[in-house]
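Bear in mind these aren't lab numbers, they're just calculated from the coordinates by the rules spelled out. This is a predicted model, so every value here is computed, not measured. Heads up, the Cβs are rebuilt from the backbone with ideal geometry, glycines too, and the neighbour counts pull from every protein chain shown.
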Amino acid sequence: MVFSMMILLIWGIYAFVMKKRLQDKFRFSDSLLSLVIFSIITSLSLGMNYVAAAIPSLNDGIGIHNFLAYWIIGEDNWQIALFKNYFDYSLGVSLSLLLVYSVLKVIKN
């Protein structure tokens, strides 16, 4: 949750700075693109972590396989179901953001 709040805060500052600098040329969809790209990268990271944990022949035990997944999941209560829940949530957020971005681009054009 802290990770999500931090990302939204950074994105909010980024969108505010873009609005100030571009003024009339500013489009909300342009600032949303960075959030969409980061969300997709996060989903890929969590997906790799889930797949690596779900296939026991890949590892000796369950673990975190990249720094982004470690920042999101943390150190406590690692379980395959937890990894899957984080991945499912991240995938839902990514698809939702992609849909919003697509709708905004179609409306503006």
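Given a cut-off of 24 Å, what percent of all Cα-Cα pairs of the chain lie beyond it?
35 percent
Hey, could you grab the Kirkwood Rh for region 61-109? Inverse mean 1/r over distinct alpha carbon pairs, Å, one decimal.
By the Kirkwood definition, the hydrodynamic radius is 12.7 Å.
In region 69-109, which residues have a backbone nitrogen under 14 Å from the label point lying 7 Å from Arg27's Cα in the Cα-to-Cβ direction?
It comes to 101-109, nothing else.
Can you find, among Ser43, Leu82, Ile55, the residue farthest towards the positive end of the dipole of the chain? Put +1 on the C-beta of Lys and Arg, -1 on that of Asp and Glu.
It is Ser43, whose Cα lies furthest towards the positive end.
So which aspartates and glutamates pass the test for Lys108, namely a Cα distance under 17 Å, with those fewer than 8 places away in the same chain ruled out?
List returned: Asp24, Asp30.
Report the charge-dipole magnitude of the chain in Debye, nearest 20, computed about the Cα centre from +1 at each Lys and Arg Cβ and -1 at each Asp and Glu Cβ.
Details: 8 positive and 6 negative charges, 161 e Å.
Around 780 debye, computed over the chain.
Please give the FRET efficiency for Met6 paired with Val103, using the beta carbon to beta carbon distance and R0 = 41 Å, rounded to the nearest 0.05. List each step's numbers first, then the result.
Working: r = 26 Å, r/R0 = 0.64.
Efficiency, rounded to the nearest 0.05: 0.95.
Mind checking which lysines have their C-alpha under 28 Å from Lys105, skipping anything on the same chain fewer than 8 residues away?
Correct list for Lys105: Lys19, Lys20, Lys25.
Given H placed 1.01 Å from N in the peptide plane, which residues other than close sequence neighbours of Arg27 have an amide H under 5 Å from its amide H?
none
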